[in-house]
Amino acid sequence: MEQTEFAFVYKEIFPFWSEISDADRDYICQNSHIFTYPMGKNIHNGNECSGVILVHTGSLRLYMMSEEGKDITLYRLHSGDMCMLSASCVLDAITFDVFVDAEVESTCYVISGSAFAAVSERNPCIKIFALETAVSRFSDVMWVMQQILFMSMDKRLSIFLSDESARTGSDTITLTHGQIARYMGSAREVVSRMLKYFANEGIVEVSRNGIRILDKKRLRALAL
């Protein structure tokens, strides 16, 4: 991709773009790349500085992993979303390990972490933007922790199905029971049992094609 094409993309998504010098804009573009990751590819492993990742197409999953290998999904990124937690060299406060995988084949713009950090040191507006972006995602993380610690499984699953339906604009959720369990920080068997209960109640229909929501009103009621 030509530098001018990166500049066109960044002008649309970075509020600070017009505030920094031409030299700094050129430097960011020179240190930008576009990558296509296959499904399941690990993009960021731990607290290394992989850079600032912007999702062009596809979907990424951010998660933490215990020493025993159990992981908890923190949040997911889709087209137009940005990952700042993968650039630990930009934000010194990031001292924990975060992992990023491609859920499906995904094309991303990646800005070198060291280059972004160097430019941010010269431009406080970039540092502020990076902090605000990271903080906004921590609210998503706290919402996940709240669900895991304090909510019943039926409520958590109804929230997940409702949110996924709203995001995709479809009443059919084309995810496996294992994927849903991973996103919710639960076990596949637990998700399968709860989906069976929902199906018996006429709230959803479970098939090989996915999970079709039959009664949105009752599903929303469970989420309250």
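The values are calculated or read from the model by the stated rules, or taken from the named source; none is laboratory data. Note that the structure is predicted; figures quoted are calculated from it, not measured. Every residue, glycine as well, gets a Cβ built from its backbone with ideal geometry; the counts of neighbours run over all protein chains shown. What goes into the accessible areas is simple: the full protein's heavy atoms, side chains included, and nothing from ligands, DNA or RNA. Shrake-Rupley method; radii C 1.70, N 1.55, O 1.52, S 1.80 Å.
What per residue convex hull volume, in Å³, comes out for region 39-143 when only alpha-carbon positions are used? Present the calculation step by step, with values, prior to reporting the outcome.
Values: hull volume 9.7 nm³, N = 105.
Spelled out: Cα convex hull of region 39-143, divided by residues, is 93 Å³.
Which log10 I(q)/I(0) values, to two decimals, does region 1-55 give at q = 0.14, 0.20, 0.22, 0.29 Å⁻¹ under the Debye formula with one point per Cα?
Those come out to -0.46, -0.83, -0.94, -1.24, one per q.
Once the other residues with Cβ under 13 Å from the Cβ of SER162 are scored (Lys, Arg +1; Asp, Glu -1), what is the net sum? Write down the numbers at each step before the final one.
Working: positive: LYS155, ARG156, ARG167, LYS216, LYS217, ARG218, ARG220; negative: ASP154, ASP163, GLU164, ASP171, ASP215.
Net of charged neighbours comes to +2.
Where in the chain lies the longest segment free of trypsin sites (Lys or Arg not before Pro) that are both loop residues by DSSP (not H, G, I, E, B) and have at most 13 other Cβ atoms within 10 Å? The partial results should precede the final answer.
Working: sites that count: LYS70, ARG208.
Maximal segment without exposed cleavage sites: 71-207.
Within the chain, which DSSP H helices have Cα atoms that stretch 15 Å or more along the helix axis and a mean Kyte-Doolittle hydropathy of at least 1.6? Walk me through the numbers on the way to the answer.
On the way: long enough: 3-13 (16 Å, -0.03); 124-150 (38 Å, 0.92); 153-168 (22 Å, -0.49); 188-200 (18 Å, -0.25).
Both cut-offs are met by no helix.
Can you list the cysteines of the chain that have no other Cys Cβ under 4.7 Å away?
Lacking a cysteine Cβ partner under 4.7 Å: CYS29, CYS83, CYS108, CYS125.
With contacts defined as alpha carbon pairs under 8 Å and 6 or more residues apart, what's the relative contact order of the chain in percent? Walk me through the intermediate numbers first.
On the way: 368 pairs, mean separation 42.4, N = 224.
Value for the chain: 19 percent.
Which of these values of log10 I(q)/I(0) by the Debye sum over Cα atoms at q = 0.07, 0.08, 0.10, 0.15 Å⁻¹ was calculated from the structure shown: [x] -0.26, -0.34, -0.52, -1.00; [y] -0.29, -0.38, -0.57, -1.15; [z] -0.29, -0.37, -0.57, -1.05?
Derived directly from the coordinates: [x].
Quick check for me: using +1 on Lys/Arg Cβ and -1 on Asp/Glu Cβ, what's the dipole size of the chain about its Cα centre, in debye to the nearest 20? Show your work: numbers first, answer last.
Numbers: 22 positive and 28 negative charges, 223 e Å.
With only Lys, Arg, Asp and Glu charged at Cβ, the dipole is about 1060 debye.
Skip the ligands, DNA and RNA, and give the accessible area per residue of the chain with a 1.4 Å probe, whole Å². All intermediate terms of the calculation are to be shown ahead of the outcome.
Values: 11750 Å² over 224 residues.
With the other protein chains kept in place, the chain gives 52 Å² per residue.
Which pairs, out of LYS41/LYS216; LYS41/LYS127; LYS11/LYS41, put more than 31 Å between their alpha-carbon atoms?
Working: LYS41/LYS216 34 Å; LYS41/LYS127 29 Å; LYS11/LYS41 29 Å.
Pairs exceeding the cut-off: LYS41/LYS216.
Can you list the residues of region 136-179 with backbone N under 18 Å from a point 7 Å past the Cα of MET65, pointing along Cα to Cβ?
179
Compute the separation of the alpha-carbon centres of region 18-79 and region 188-224 and state it in Å as a whole number.
33 Å
If you project the alpha carbons of region 156-224 onto the principal axes, what extent comes out on each, in Å, largest first?
Ordered largest first, region 156-224 gives principal extents of 26, 26, 24 Å.
Only helical DSSP H runs with n ≥ 4 go in: add -39500 (n - 2.57) per run for the chain, normalise by residue count and round the 222 nm mean residue ellipticity to 500 deg cm²/dmol.
-14500 deg cm²/dmol
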